1. So what's the back-of-envelope 222 nm ellipticity for the chain, counting only DSSP H runs of four-plus at -39500 (n - 2.57) apiece and dividing by all residues, rounded to 500?
2. Output wanted: per-residue J couplings in Hz (rounded whole) for region 289-297, from phi through Karplus 6.51 cos²θ - 1.76 cosθ + 1.60, θ = phi - 60°, x for Gly and Pro.
3. Compute and list, largest first, the equivalent-ellipsoid semi-axes of region 262-415 from the alpha carbon gyration tensor, each √(5λ) rounded to a whole angstrom.
4. How far, in degrees from 0 to 90, does helix 79-92 lean away from the longest principal axis of the Cα atoms of the chain, to the nearest 10?
5. Quick test of your reading: applying the under-4.7 Å Cβ rule, which cysteines of the chain are isolated?
6. With a sphere of radius 15 Å drawn around the Cβ of Leu385, what net charge do the other residues whose Cβ falls strictly inside it have (Lys, Arg +1; Asp, Glu -1)?
7. Within the set of other residues whose C-beta is less than 14 Å from the C-beta of Leu59, count the net charge using Lys and Arg as +1 and Asp and Glu as -1.
8. Quote the Stokes-Einstein diffusion coefficient, in whole µm² s⁻¹, for region 2-159, based on the Kirkwood radius over alpha carbon pairs, a temperature of 4 °C and a viscosity of 1.567 mPa s.
Amino acid sequence: MKVLLVSPALRNMDVYQVRARGCMPPLNLMYMAAVLERAGHTVRILDLYAEGLSEAEFLARAREFGPELAGFATYTASFDMAAAGARLLKKEFPGLKTAAGGIHASYLPAQCLRGGDFDCAVVGEGEATMLELADELASGKSLEGVAGLVLMKEGKPFATPPRALIEDLDSLPEPAYHLINLSNYYLGITRAVSTAPAASVLTMRGCPYQCTFCSHHYGYGGRIRKRSPRLVVAEMKKLYDRHGVREFQFEDPSFTCDPGHVKEICRLILESGMNISWNCNVRANTASEELFAAMEAAGCRRALLGVESGSQEMLDRMKKGITLDAVRKTMALARRHKMRVNAAFILGTPGETEETARQTNAFARELDPDYVMFSVYIPSPGGELFDGLAAEGRLDLDKVYGADYITVYSEREPMVEMSAVPAKKLLRLMEEYTRGFYLRPAYVFKRLRTLLLPGEISRVAWGVALIFSHRFRRLGDRLAGKGQDENSWTY
C-alpha cells in the first residue's frame, strides 16, 4: 500500500518565530515510515513546515505519489493546517483514507474526527497501529479490530481497545532519513553552535516527572523506555559518515533524567571518534559535576534548562520537583563546562501574581543565562492543568487548536486566565522581561565578545529581530492598513 505521511505547516507563525523555534526532522513520521517500509509498504514523507509548500505544490507532490492512506502528525498549534491538508487530499483522491496521529489526536481524538477530514485517530505511539491500519486497509478488512484507534461509528466516536506501549525500543528500525532532505532542517538560534548540517536523535520515550503544565508524563503513564546507548550512537555515526551531520539535538524531554544512561552515551560518542557538538534538555535535579564533565567531553555545547519560575512556591505548585538552589548550581556547572544555557520561564500558571512574576524576572537576571525565554502559559492537551480546566468546562475542546498554541514569543492572549495577572498584562510582562534581559549593557557586551564565532552574527541578528518583531509587525500592519498576515494556506 502507498502511504503518505505529512507533517503540517503552522499558520500565523512569522519568520522570526520560525528561526527561533528551528526546524528539525520529523522523527515521529520517520520512525513510522521505517516500520511501514520494513513490512513492504511504499512510503513518502511531506514535511510542509520544512518545505513551505503551497497548496498547489502539495497537491502536485501528492498526485505524483498517488497515496492510498495518508497519515498526518497533529500538534495543537498546527491541527487546523493538518485538517486542511487532509480535506484537500480527500477531495483529490476519492476513497483515500486519512488518519490523524500524534499528541493532539491522542488526547482529543473525538474533536479530530468531528469535521470529517480524518477517518480515524491514532491514539498513543503510532508505529504498530499505522502498520496494522495499512495492512487491514490493503486486505479490505474492518478497522474495528485494530487496537489504538478512534473511529466514527453510527455518527459517534468509537474507540478500539488501547494499544500497549512499545517496550523494546531497540526493536524499531532506524528513522527513515532517506525519505527527507536534511538540507531543509536547522537548529533554533539558541541551540545551534555552527552552520553545520544538523539532525535529531531520540534516546528514550516518556518522562518520569509530573509537571502540571506538561503532557509528557501523562502521555506515557510516567514510564520511560530507553534505547540502547550503543544503538543511539551507531545511528549518530551513520548520520555523521553518510550525511555529514556535525550537530545533533537530543529530543528527549528530560534527557538527563537517567545520568547513567547519558554518561554511557557520552562514553560511546568519545569512543566513536566523532567530532560533533550537540544540545539537549537538562534537569536541575539531576545535574552533577561528573555528568556535566562527561557531557562536555562528548560535545555538549548548548542546553535548555526548564526553570519555569523564580518563586519556589510556584515551582512547588507546578510539581516541578526542583529548587531554586538546584537551578543556581546547575547554571554554575554549565558555565564551568562551557555550555551555553537557554533558560525557559512560564508566566501565568495558577497562583501567579505580579509579585511572583517579578521574582521570576529577577531570578532570570540573577542566573544570567546565555539566552532566556519567557512564555505566557497556554494549557497543553493532556497536562494536569489542561485536564482540570476541561473538567471544569472552562475550555471549549472544539476550539483547542491553531495559532493560539504557538508559544515562541507569541503575542496572542491565552484562551483561559488562570492567575491573578490579566492576560494582557502577562503579554506585556513577557515583552518587558525579554527586552529588559537582552538589552542590558552587560549582556550586550557579553554577546559582542562572541561575534567572531561561526554563525554568531546571524544568530544575534535573528534574535534582535525576534525581540522587536511585534513592533515591526504592528507598524507594518498599520502602514498597510490590515490585520495580522496569514500563511498562504487559508481555508
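1. Details: 19 runs with 204 residues, N = 491.
The helix contribution divided over the chain gives -12500 deg cm²/dmol.
2. Once rounded to whole Hz, the list reads 4, 4, 5, 5, 5, 5, 5, 4, 4.
3. On the way: eigenvalues 210, 70, 38 Å².
Equivalent ellipsoid semi-axes, largest first: 32, 19, 14 Å.
4. The angle comes out near 30 degrees.
5. Flagged as lacking a Cys partner: Cys23, Cys112, Cys120, Cys207, Cys257, Cys266, Cys280, Cys300.
6. Values: positive: Arg317, Lys319, Lys320, Arg394; negative: Glu308, Asp316, Glu352, Glu384, Asp387, Glu392, Glu417.
After counting each charged neighbour, the total is -3.
7. Numbers: positive: Arg44, Arg61, Arg63, Arg87, Lys90, Lys91; negative: Glu51, Glu55, Glu57, Glu64, Glu92.
It works out to a net charge of +1.
8. Numbers: Rh = 15.7 Å.
Value of D from the Cα-based Kirkwood radius: 83 µm²/s.
Laboratory data are not the source of any read-out in this text; all were calculated from the coordinates shown. The model shown is predicted, which means the values in this text are computed figures rather than measured ones. Reconstructed Cβ throughout: ideal geometry from the backbone, glycine too, with neighbour counts over all protein chains shown.
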